[in-house]
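The values are calculated or read from the model by the stated rules, or taken from the named source; none is laboratory data. Remember, predicted model here, so these are calculated numbers, not experimental data. With ideal geometry, Cβ positions are generated from the backbone for all residues, glycine too; neighbour counts draw on all protein chains shown.
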Amino acid sequence: MTKGTETFEGMIVIGKSQMAELGERLKIFDNVAELLRDLIAKGPRMNTTELLQLILASGLKLGASDVHIEPSEETVTMRLRLDGMLHNITSFKHELYKLLLSRIKLLSGLKLNVRDSAQDGRFTIRAADEDIEIRASTLPGPFGETTVLRLLNPKTISLSLEELGMQQPVYELLSKEIRKPNGMILTTGPTGSGKTTTLYAFIKKINSPQINIVTIENPVEYHIKGITQTQVDTNGKYTFETGLQSILRQDPDVILVGEIRNLETARTALHAALTGHLVFSTLHTNNAPATIPRLIDIGAKPNIIAPAINVAIAQRLIRHLCQQCKHQYAPSARDLDYAERILKGLPKPYKRPDLQHIKFWEADGCEACNMVGFKGRIGIFEVFAIDEKIEKLIFKNPSEAEVLDAARAQGMLTLHQDGILKAAEGITSVAELIRVAGEF
């Protein structure tokens with residue numbers, strides 16, 4: 001796979017023919033291990049750029065989000081994260097890893113002689129004429145530096161609002177809210193729950209020449225035509241706080257703030273929402289009702305939060321059952337009890353499945369899904385709007401439980417309820433819902 005491959009400073013270029021060839025040879029994880037073993041077996045005739053190229057191209061072809069390279073006492077293990085789960089691929093010797101790590105550091109702009117502290121950098125891979133940014137992170141350990149490469153593949157996050165997997169009432173609510181001229185829409189969830197993908201879907205839905213959309217992100221993961229995207233400076237000169245203040249001088253109609261981390265960012269974003277701007281941002285909470293107490297906890301004032309926020313969203317990514325090998329099964333008593341508890345209090349717009357005749361789905365694994373049983377991921381969501389009742393409640397500095405009760409009274413579908421409805425439709429499994437959202 002060396003023919004047609006070029007290396008520039010900070011970039012690896014892989015031609016269309018090489019990616020096509022790899023696509024023919026890569027069907028399951030075992031194929032990656034075989035290709036890597038064959039390459040490593042060349043010994044002195046192999047170069048590290050060739051090895052790195054194969055690792056990255058394999059990850060891209062299989063749809064991996066991250067490559068993990070982890071040294072232990074005797075060997076170095078390589079794993080790929082696919083659909084949120086890590087899979088062991090292969091292992092190689094420490095001597096080879098030292099050469100590979102040096103190549104990664106050179107491409108990423110990291111210091112070769114620094115081995116006792118963490119480093120972060122980035123480089124680009126041009127695969128079949130498409131630029132894909134790679135974020136590199138090294139972390140010192142007792143047996144050497146652990147390396148994680150995040151593959152920021154635009155194809156995995158360039159989804160439309162219709163493709164996110166929202167239930168129809170949720171989709172209709174958000175389609176209306178993102179077209180309002182001002183206010184804030186917050187999406188919450190842990191790292192890797194698809195928050196950025198959702199915000200990008202909002203942007204693409206409303207993007208037009210008539211409005212000025214400006215973003216501040218860390219990093220820019222996907223380039224959208226017709227908008228201004230800026231990126232946080234890792235040296236600290238252009239932060240979320242300073243960047244947001246600068247953006248407000250750019251006459252924006254819509255602002256995307258990658259993350260609200262502190263009071264200064266929260267205060268500026270909330271005031272922007274109150275002064276004629278539509279603001280999209282993210283927050284780290286476990287569920288949508290926790291958004292309000294979290295903002296109050298970091299110092300935002302209830303009298304500012306209440307009129308500024310339009311909608312709070314929580315989301316998770318749940319694996320999609322493989323369409324080739326999934327099959328129905330009669331649910332166990334435990335499955336039925338789990339579903340019954342979740343569906344109790346299901347809001348009126350949603351149709352409650354008949355638990356006496358319900359069938360759930362599972363998959364055994366096949367070549368189409370790398371023998372995993374799942375292929376791709378879809379969102380589960382809980383969303384509530386700040387109506388008059390919730391706005392009055394915010395002024396009272398409410399607890400998470402109080403906001404949850406008010407949101408349910410409004411008709412909010414919870415993460416568990418959305419997940420169990422998708423399990424009943426054969427989109428995912430009950431076991432996957434428990435893994436992602438937990439017991440109920």
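Here are the numbers:
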quantity	calculated
Condition met for Leu413 (within 19 Å of Glu340 (Cα to Cα), touching an Asp or Glu at 6+ places or on another chain (Cβ under 7 Å) and at pLDDT 95 or above)	yes
Count of residues meeting criterion [among the polar types (S, T, N, Q) and assigned to a helix (DSSP H, G or I)] in segment 388-434	2
Failed item, numbered, when Cys325 is tested on (1) under 30 Å from Asn370 (Cα atoms); (2) of a type outside the set (S, T, N, Q); (3) surrounded by fewer than 16 Cβ atoms within 10 Å (Cβ to Cβ); (4) at pLDDT 95 or above	(3)
Boolean, Arg37 is within 26 Å of Lys375 (Cβ to Cβ) and in a strand (DSSP E or B)	no
Among residues of segment 228-286, those that are of a type in the set (A, V, I, L, M, F, W, C), within 21 Å of the chain's Cα centre (by Cα) and more than 18 Å from Gly183 (Cβ to Cβ), counted	2
Residue count for segment 227-276, restricted to those that are in a helix (DSSP H, G or I), over 22 Å from Ala312 (Cβ atoms) and of a type in the set (Lys, Arg)	1
Single residue of segment 129-141 satisfying the filter (closer than 23 Å to Glu74 by Cα and free of Cβ contacts under 8 Å to residues at least 40 places away in the same chain) that is nearest to the chain's Cα centre (by Cα)	Ser137
Residues being small (Gly, Ala, Ser) and under 19 Å from Lys326 (Cβ atoms) - total across segment 409-424	3
From the options Ala300, Ala306, residue that is surrounded by fewer than 22 Cβ atoms within 10 Å (Cβ to Cβ), more than 26 Å from the chain's Cα centre (by Cα), of a type in the set (A, V, I, L, M) and under 18 Å from Glu241 (Cα atoms)	Ala300
Selection from segment 53-69 of residues that are charged (D, E, K, R) and in a helix (DSSP H, G or I)	Lys61
Hits in segment 12-25 - residues which are surrounded by 17 or more Cβ atoms within 10 Å (Cβ to Cβ) and modelled with pLDDT of 70 or more	Ile12, Val13, Ile14
Evaluation of Arg126 against (1) outside the structural domain of Glu259 (by TED's automatic domain parsing); (2) more than 20 Å from the chain's Cα centre (by Cα); (3) modelled with pLDDT of 95 or more; (4) in a strand (DSSP E or B) (one fails), failing number	(3)
Filter result for Ile211 (surrounded by fewer than 18 Cβ atoms within 10 Å (Cβ to Cβ), among the hydrophobic types (A, V, I, L, M, F, W, C) and over 24 Å from Glu130 (Cβ atoms))	yes
Leu317 being touching a residue at least 60 places away in the same chain (Cβ under 8 Å), on the phi < 0 side of the Ramachandran plot, in contact with a strand residue (DSSP E or B) (Cβ under 8 Å, 6 or more places away or on another chain) and of a type in the set (A, V, I, L, M, F, W, C)	yes
Residues of segment 277-306 satisfying the condition of being in contact (Cβ under 8 Å) with a residue 24 or more places away in the chain and part of a loop (DSSP other than H, G, I, E, B)	His277, His284, Thr285, Asn286, Asn287, Ala288, Pro289, Ala290, Ile298, Gly299, Ala300
Thr196, sole failed condition from (1) part of a helix (DSSP H, G or I); (2) under 24 Å from Glu425 (Cα atoms); (3) touching a helix residue (DSSP H, G or I) at 6+ places or on another chain (Cβ under 7 Å)	(2)
The lone exception for Thr191 - which of (1) out of contact with any Lys or Arg (no Cβ under 8 Å at 6 or more places or on another chain); (2) at pLDDT 95 or above; (3) surrounded by fewer than 19 Cβ atoms within 10 Å (Cβ to Cβ) it fails	(2)
Among the candidates Ile342, Ile380, Ile390, Ile394, residue that is within 27 Å of the chain's Cα centre (by Cα), farther than 21 Å from Lys195 by Cα and surrounded by 17 or more Cβ atoms within 10 Å (Cβ to Cβ)	Ile342
Residue selected from segment 212-226 under the condition in a loop (DSSP other than H, G, I, E, B) and under 17 Å from Val257 (Cβ atoms), by the criterion nearest to the chain's Cα centre (by Cα)	Glu221
